Amino acid sequence: MKLLVFAHRGEAQAFLRKLDLKSFEQDFLYGNQDTLVLISGEGIQNTTETLAFTLAKYPVKEIVNLGIAGALRGQEKNSIHSIRTVYHHHEEPSFQSFTSSDVSASTDCLSYYKRVTQSLDKKQLSQFAGLVDRELWAIASVSKRFKVPWRSYKIVSDITEEQTDCQDIFEKAYEFSLKLFHHTHPQPQNLIEDLESQGFWITFSEAKKIEKLFKLTQPDYSSIANSEMTGKQKTQKLIQLLEESVDPITFKVRKKIKKELKANNSSKTHYSVDNQLEETRVQVKSLLEDDRDVQDLIESLQKFPLKEIQSLMDGDLR
Amino acid sequence: MFQNIYVESQVRDQKYTQDILNFFSEVPTTEITAIEDHFGKVKKPYLHKRTDLNLFLGKKKGQLIKEAPQAYGTQTGKHYYFIHAYNCIYECEYCFLQGYFHSPDIVLFTNHDEIINEMKALIDGETWFHAGEFSDSLALSHITKEWGQYFDFFRNHPEAKLELRSKSSNIKSLLELEPLGNVVVTFSLADEENSKKYDRKTPPLRARLKAIRQLVDKGFRIGIHLDPIIYSEDLVGRYGKMIDELSEVLPDTSLEYISIGVVRYTKDVYRQVELNYPDSDITKQPLQKSFDDKVRYARPLRGWILSNVEKLLSQHYSAEKIYRCME
C-alpha cells in the first residue's frame, strides 16, 4: 500500500478527485485498497502524530510526500522538485537529517518550525537547503522509525523573501495540487487533463462545456495557457475564446447585453435575461424599502433600454 | 437505383403502378399484401440507401392529408400537406427523414384519386396543399407522372393552391403540363458551397437555377425555400452571390414567395445525423437545445442570419413575399 502525505486538504484535492479516494475511518485519512492519503496537518507535531498512527495501523510499503514549499534560493514559482535530503530547524538546527529513496533527486529541503516571513530567516535557512516546508522532516523521521522508504515532491508556491499571502496560496491550492498530480502521473489521458496540466482549473460543468466546444472548434489558446492568470481565469478566458470562435454573433450579443444590464443594475434593482437568450423577456428584481426605492425603480425602468436588448436578442448588432 | 420492388397486389394492375414497373422492368419484383407488413418492420440503417434501396408501391391508408404546423407556409389561408410518398433518393446530411422512418426505402403511394377527393372536402377559401413533406415531389416525377392528375383538379378549383416542393432539377414532367396560377413549384436552395457539402446526390445549384429559368419562361409560378440555412463565417457573401444568381433567372413577377429558415433538428434526428455523418461539418455547428426541445442555433444567431438573408433578398424581391419559416 502506498501512502501519500499532504499537510493540507487543498494540496490533496486533485489526488482525491482523480484517484476517486473516499474518506477512510479517520477524518485525516482517505483511500482505497492500494492508496492511502493522509492529511497530516501543519507542522512537525501534527505530522508525527497522524503519520505514526497511520503507519502503525496500515501496511504501508512506501511514503510519498507532496505539497508546497517556499523557495530559499530563488527557485521558480510553480517548479516541482524531488527532495534529496531533509533537514530540521527549530530555533537551532537539528543534527539528524534524512535522505529520500529517490536517487535522482537533487534538491534539499528544510523543515522549519514556523512560517518563514522574514528575510533574516531566509538568509539563515538557505545555508541548509533550497526549499523550506514545515512537515517533511517529521515524515522522514517517522518513516525511518517504521522502516518505510519515502520520497517527496515539492512545488514552489512562493519566494520566501516576497511578502507571502496565505490567502493567495489557499486559492491556488487546487492548481498546485493538479500540477503535482500531473507530475507524479505524467500521462495526460484526455483533453481536460491536458488542459489542467497547463494550469487551467476546470470544474466538472466547465469540463463538459469545454469538451463540447472543442468538438466544434480548435482555436490557438497558447497565449491563455502561457499567461499569468489564475487557473480559474484561464478557464473562463478559454471558454470565451471557444464560444466566440464557434458562434461569434451570439458571443457579441451576450457581451453587449451583459454590458447593458450591468449599466442598469443597482444595489437594489437587478435586471436579468434568459440565460439561453431564447425568451426576449427581461426579469427585474427590486428591493423596495421606502419611497426613495420606489422612485429609483421608476426612474430605472423608464430609462431601461428594453427594445435595444430585445433587438440584440434577435441578432441585431447595429 | 432499386434492389427490389415490393408491390401490393391490390394496386399491381393500376396503370400508375404498371408504368413504374415497366420503367424498372429489370428490377426483381415481389407481390405483397400490405406495405406496412414489410416497410419499417425492422430498423434498416439510413445509409443502406446507398447500396440497398428498395421501392414499395401500394395504397396509403389512414390520413392522407394532414394539417400543416404553424409557420409552415405563407401567413394567409389554411395549410395542409399530403402524403403521396415516403423517403427520398437524395441524401441531404441535415434531412429529418434519417430519423423519421425506420427505413430509407422509397414508398410511392398510388391512391392519388383518394388524396384528391380528400382535398376536395377540405377546400375552404384559400387552402394550400403542400407536396414534398416526406419525399421530393419532383425527383422521380418523370417516372411517376402523377402531377397531371393534380393539375386537372387544381385547374377546376382555383381557390385551392398546390405547392410542389423539390431539390430536384427534374422538371421534365412539368414542362409537359400547362402552368396554373394556383400551382407553385418551389425549390429549396442553399449557397453553392453548402449545397455541395451537405446536399448529397442533389443536382448542383446551377442545374436548379436552370430549371427555375425554364419554368419561369413557361409561365409557372415559383417559390423558393432558403431552408435550412447553415451558418458559415462568410454566409452573407455566399448567400449574396446565390441570391444575385437567382434574381437573374427568377424575376419578382414570377415569384410567389420565399421562405427562409435556419437549420434545426429534433433530438432524435440530431442523434441520427451524428451517427450517419460523424465527420461532417454539420455536426460542428453551434447548436443548442431550444425552447421547443429542438436543437437549433441560439436566438441571436438565428435572428442575425434571417435578417441578413432578408436584407439580401429585399434587394431583388418584394418584402411581402419573404417570410420566416418555423420561427
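Computed quantities for the displayed model
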quantity	calculated
Leading residue by the ranking (least open to solvent (accessible area, probe 1.4 Å)) among those in the stretch B:1-47 that are part of a helix (DSSP H, G or I) and aromatic (F, W, Y)	B:Y46
Test: residue in the stretch B:101-109 that is open to solvent by 20 Å² or more (accessible area, probe 1.4 Å) and in a loop (DSSP other than H, G, I, E, B)	yes
Those residues of the stretch B:275-294 which are more than 9 Å from chain A (Cβ to nearest Cβ), touching a residue at least 12 places away in the same chain (Cβ under 8 Å) and surrounded by fewer than 17 Cβ atoms within 10 Å (Cβ to Cβ), in sequence order	B:S280, B:D281, B:D293, B:K294
Selection count, the stretch B:60-98, where residues are of a type in the set (S, T, Y) and either assigned to a helix (DSSP H, G or I) or within 20 Å of B:D113 (Cα to Cα) (or both)	3
Filter pass, B:L226 being of a type in the set (A, V, I, L, M, F, W, C) and away from every other protein chain (no Cβ under 14 Å)	yes
Matching residues, the stretch B:301-310, being open to solvent by 20 Å² or more (accessible area, probe 1.4 Å), under 23 Å from A:K256 (Cα atoms) and more than 7 Å from chain A (Cβ to nearest Cβ)	B:N308
Residue within the stretch A:265-274 that is of a type outside the set (A, V, I, L, M, F, W, C) and assigned to a helix (DSSP H, G or I) present	no
Conditions (1) of a type outside the set (A, V, I, L, M, F, W, C); (2) closer than 20 Å to A:T217 by Cβ; (3) touching a residue at least 60 places away in the same chain (Cβ under 8 Å): number failed by B:E233	(3)
Contacts under 7 angstrom Cβ, first residue in the stretch A:277-303 being within 14 Å of another protein chain (Cβ to nearest Cβ) and assigned to a loop (DSSP other than H, G, I, E, B), partner open to solvent by less than 70 Å² (accessible area, probe 1.4 Å) and among the charged types (D, E, K, R), 6 or more apart	A:L277/B:R299; A:E278/B:R299; A:R281/A:D274
From B:K197, B:K201, B:K218, residue being over 29 Å from B:A298 (Cβ atoms), at pLDDT below 95 and not aromatic (F, W, Y)	B:K201
Selected residue (criterion: nearest to the other protein chains (Cβ to nearest Cβ)) from residues of the stretch A:304-318 that are without any contact (Cβ under 8 Å) to a residue 12 or more places away in the chain and surrounded by 11 or more Cβ atoms within 10 Å (Cβ to Cβ)	A:D316
Pairs with Cβ under 7 Å, 6+ apart, first in the stretch A:139-156 and under 21 Å from A:S177 (Cα atoms), second assigned to a helix (DSSP H, G or I) and open to solvent by 10 Å² or more (accessible area, probe 1.4 Å)	A:Y153/A:H183; A:Y153/A:T184; A:I155/A:K179
Positions within the stretch A:36-62 being crowded, with 20+ Cβ neighbours inside 10 Å and not hydrophobic (A, V, I, L, M, F, W, C), in sequence order	A:S40, A:T47, A:T50, A:T54
Single residue of B:Y297, B:Y317, B:Y257, B:Y265 found to be in contact (Cβ under 8 Å) with a residue 60 or more places away in the chain, open to solvent by less than 20 Å² (accessible area, probe 1.4 Å), touching a strand residue (DSSP E or B) at 6+ places or on another chain (Cβ under 9 Å) and within 14 Å of chain A (Cβ to nearest Cβ)	B:Y297
In the stretch A:5-28, residue nearest to A:G199 (Cα to Cα) [restricted to those that are modelled with pLDDT under 95 and part of a strand (DSSP E or B)]	A:K22
Entirely in the stretch A:185-237, the helices (runs of 4 or more DSSP H) that have 2 or more residues that are closer than 23 Å to A:S157 by Cα and out of contact with any strand residue (DSSP E or B) (no Cβ under 8 Å at 6 or more places or on another chain)	A:191-197, A:222-225
Residue list for the stretch A:256-276, restricted to those being of a type outside the set (A, V, I, L, M), within 14 Å of chain B (Cβ to nearest Cβ) and touching a helix residue (DSSP H, G or I) at 6+ places or on another chain (Cβ under 9 Å)	A:K256, A:E260, A:D274, A:Q276
Test set (1) over 30 Å from B:S103 (Cα atoms); (2) in a helix (DSSP H, G or I); (3) within 14 Å of another protein chain (Cβ to nearest Cβ) - B:A211 fails condition number	(3)
B:S173 among the small types (G, A, S) and in contact with a strand residue (DSSP E or B) (Cβ under 7 Å, 6 or more places away or on another chain)	no
Selection count, the stretch B:50-84, where residues are open to solvent by 20 Å² or more (accessible area, probe 1.4 Å), farther than 30 Å from B:T127 by Cα and touching a strand residue (DSSP E or B) at 6+ places or on another chain (Cβ under 8 Å)	1
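The values are calculated or read from the model by the stated rules, or taken from the named source; none is laboratory data. On a predicted model such as this, the values are computed, not experimentally measured, just so you know. Reconstructed Cβ throughout: ideal geometry from the backbone, glycine too, with neighbour counts over all protein chains shown. Note: accessible area is taken over every heavy atom of the protein model, side chains too, but ligands, DNA and RNA are not part of it. Shrake-Rupley method; radii C 1.70, N 1.55, O 1.52, S 1.80 Å.
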